[in-house]
1. Note down, for the chain, the three equivalent ellipsoid semi-axes (square root of 5 times each alpha carbon gyration tensor eigenvalue), biggest first, whole angstrom.
2. For region 2-168, what's the relative contact order in percent, using C-alpha pairs closer than 8 Å and at least 6 residues apart?
3. Could you list 211, 351 in order of exposure, starting from the residue whose Cβ has the fewest other Cβ atoms within 10 Å?
4. Please figure out what share of the DSSP beta bridges in region 2-168 is antiparallel and state it in percent, rounded to the nearest 5.
5. Which whole-number percent is the relative contact order of the chain (Cα, under 8 Å, 6+ apart)?
6. Looking at the chain, send over the antiparallel percent of its DSSP beta bridges, to the nearest 5.
7. Give the order of 310, 378 when sorted by the count of other beta carbons within 10 angstrom, beginning with the fewest.
8. Quick one: helix 539-549 against the long Cα principal axis of the chain, what's the angle to the nearest 10°, folded into 0 to 90?
């Protein structure tokens, strides 16, 4: 027998969960002390939103859960935005939330709160463990729920006296059962749709079929049947680069997405959701599937997506069909004045092999897909839930899971400030993470949205809410203050030099890339009018415009 904290940690280890991202307080001290007597790796973060974002990034690369250790309901509340992103990404995670001792809760102490209510919006399973004797079985159930399809977030609330109490026993978790494939009826129906002559069909790929095996299978389908391949807007993890099929992502801007989907008679969805607009806009559709297009879902979230895709390949006779693979091709290094497109160009030209990209570049990253399509094979992790502040913590969590694979964090200046504390942990853990801040001194994406939603002409008060230029944020000083080497680049030549140095020297680096906004002045004013008219112009012209604006 041991105390509750030791029993909990050993149960986690028994299931293969050996990494915990922490931001502890008084109620969690027995868990913290128990780390010394176990093989659990505890990684300190300076903000709860960093811990939850890092656990998300870890799960995306490791394909297994990490744990988080947070302090009471307030700590959980601080981590909610990145828990939201993780839930939308469908990654497994086990949250351990410390609580007041069971006998202390009656006094309504200053930090007392209803933790279960706070957890409910981002957790698929919640339990407050009520006794030390039960902590092992409670933890085992939390782990089992997190790991079963679809991957989920479990929240286990750990009262302090349950943690310090004696009589805990570790539990061996039960292996996750293998999920069933889609029914033969569904597979054969969709095979008929794909093989039907005279009908345009697209495949929309999501969560579990966007890595090499799924991409190869989907490409065989496309080459056999003539179907078009799309990926969801913000994939959890997309493997891409030379030697893999290149898949076009659905655009963030609803008007651009409509252009992509126009003309298709059938849309086959494989482990994704039907395309919708991120927000509602006056006079515009929220549901983006074209009128007259029939939607076919291959799998439910709890089913075996990859196995079902292979079965569909067999049903259309595409097992021997050669997939279409991206040829190796890098852009040349840019020159002249620095802008966001040239930053993306330099990344494509210099990116190391087997890199991980955590992309939260917002408007500045629109040219990244085309600039890196033929670069060495890499993983792309994106902003699944749309809550900014994900890019930095997801990057370092992914770097830990990837055994320190070279990792690139692309962030806007506004989004970087949400979880800037990540830089400290990246340095502390000596991770090979290169942070690139697209510094356009504004919330550029919101300047676009201000124009798109049809709000009144923005005056000085409105514009000031989206302006980050006064005072300027000194990212180099912020990074150096946390021990990270950093420099500013204002020209393409300076950026190329800084990026080469960062990639050639293992360890953390930050580059403050000072760039103009991709959309400003007349271009910003014209964008809403162009988007409003794009669906009424001939499809070939609309597709050409889409390719130019959001390739």
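1. For the chain, the ellipsoid semi-axes come out as 38, 31, 22 Å.
2. It comes to 29 percent, rounded to a whole number.
3. Arranged by neighbour count, lowest to highest, 211, 351 become 211, 351.
4. 5
5. 14
6. Numbers: 8 of 74 bridges.
Roughly 10 percent of the DSSP beta bridges within the chain come out antiparallel.
7. The most exposed by this proxy come first: 310, 378.
8. Relative to the chain, helix 539-549 is tipped by roughly 50 degrees.
Just so you know, all these numbers are worked out from the coordinates, no wet-lab data involved. Owing to the predicted nature of the structure, the values given are computational and were not obtained by experimental measurement. A quick note on method: Cβ atoms are made from the backbone with ideal geometry, for glycine too, and the neighbour counts reach across all protein chains shown.
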